Amino acid sequence: MSHPPPPTPLTRILITAGPTHEPIDSVRFIGNRSSGRMGCALADEAARRGWSATLLLGPAPALPTDSRVRVRRFRTCEDLRGLLREEFGNTDVLVMAAAVADYRPKIDPAMWNGKFRRHSTNLTLELEPTPDLLAEISTSRKPGQLLIGFALEPRGELVASALAKLDRKGVDLVVGNPLETMDSPDIEATLFAKGGTSTPAPKMSKDAFAAWLMDRIVPMASSAKVSS
Ligand code: CTP
């Protein structure tokens with residue numbers, strides 16, 4: 001008696017999206033204008049293609065529309081770091097679209113539940129660097145895992161900086177896009193790959209770009225799985 005072939009395991013994609021909010025005190029934060037749209041569009045597109053999609057979503061207005069997307073929320077860089085550590089081992093493809101803060105207020109833990117008061121003198125806020133989550137997680141990658149970062153850049157610095165990030169963050173692809181992409185419905189991106197090739201995409205909506213990017217990730221994800 002012949003048995004049916006075992007089902008092909010679903011490709012598991014982990015996507016991060018949105019800004020981080022780094023607390024100043026219990027009611028204030030430092031954040032950025034990231035809408036989370038790009039990451040939500042990617043998660044929807046992956047789910048539509050039958051992939052198992054998990055979205056780590058910051059405090060952003062956007063939400064995925066496909067109910068098959070599993071969503072976990074974060075607020076700070078440190079929250080996201082914890083979620084990445086939990087999820088990364090069970091992931092085939094990681095896409096870091098989140099706009100993670102590079103600096104956070106260095107505050108006295110007493111202020112976590114308190115509030116800065118108004119005084120007539122200047123107030124200086126000390127900032128400390130956050131860990132580079134993508135560079136950190138890429139050091140624990142296993143064979144077959146595909147890593148993709150984003151690079152938000154002033155136009156004149158895009159190529160050099162995206163290529164430097166490919167190396168520095170230990171990823172396979174970097175989606176370079178100009179600063180105007182943040183909080184916009186559209187994206188004008190160039191995809192940079194390890195080895196130096198670059199593929200410009202026409203300016204398009206973030207939904208359309210999600211499909212464009214998935215068309216390029218799919219063959220890379222299957223060959224990464226086969227060779228691992
Ligand atoms: N990133 C990260 N952890 C951080 C900052 C950024 O994992 N603390 C990730 C982003 O999710 C993105 C990539 O790194 O995938 C590039 O982010 P970007 O803000 O363009 O670059 P930075 O690393 O912040 O470097 P720079 O400030 O020099 O542009």
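The values are calculated or read from the model by the stated rules, or taken from the named source; none is laboratory data. As the structure is a prediction and not an experimental result, all values here were calculated from the model. Positions of Cβ are backbone-derived with ideal geometry, glycine not excepted, and every protein chain shown enters the neighbour counts. Protein only, heavy atoms only, side chains kept; ligands, DNA and RNA dropped before computing areas. Shrake-Rupley method; radii C 1.70, N 1.55, O 1.52, S 1.80 Å.
Couple of notes before you dig in:
The rows are residues; the columns are (1) surrounded by fewer than 24 Cβ atoms within 10 Å (Cβ to Cβ); (2) touching a residue at least 60 places away in the same chain (Cβ under 8 Å).
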site	(1), (2)
SER26	yes, yes
PHE29	yes, no
ALA46	no, yes
LEU56	no, no
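- Members of segment 10-20 found to be assigned to a loop (DSSP other than H, G, I, E, B) and either open to solvent by less than 20 Å² (accessible area, probe 1.4 Å) or in contact (Cβ under 8 Å) with a residue 60 or more places away in the chain (or both), listed by number: THR11, GLY18, THR20
- From the list LEU56, LEU127, LEU63, the one residue that fits, being within 12 Å of the ligand (Cβ to nearest atom) and either within 25 Å of THR8 (Cα to Cα) or not small (Gly, Ala, Ser) (or both), is LEU56.
- Count of residues meeting criterion [closer than 17 Å to SER138 by Cβ and more than 15 Å from the ligand (Cβ to nearest atom)] in segment 167-192: 0
- Screening the candidates THR91, THR121, THR76 for the property of being away from the ligand (no atom under 16 Å from the Cβ) and either open to solvent by less than 20 Å² (accessible area, probe 1.4 Å) or at pLDDT 95 or above (or both) yields one hit, THR121.
- Where a residue in segment 131-151 is away from the ligand (no atom under 12 Å from the Cβ) and open to solvent by 40 Å² or more (accessible area, probe 1.4 Å) and its partner, wherever it lies, is part of a loop (DSSP other than H, G, I, E, B) and at pLDDT below 95, with Cβ under 8 Å and at least six apart: LYS142/SER228; PRO143/SER228
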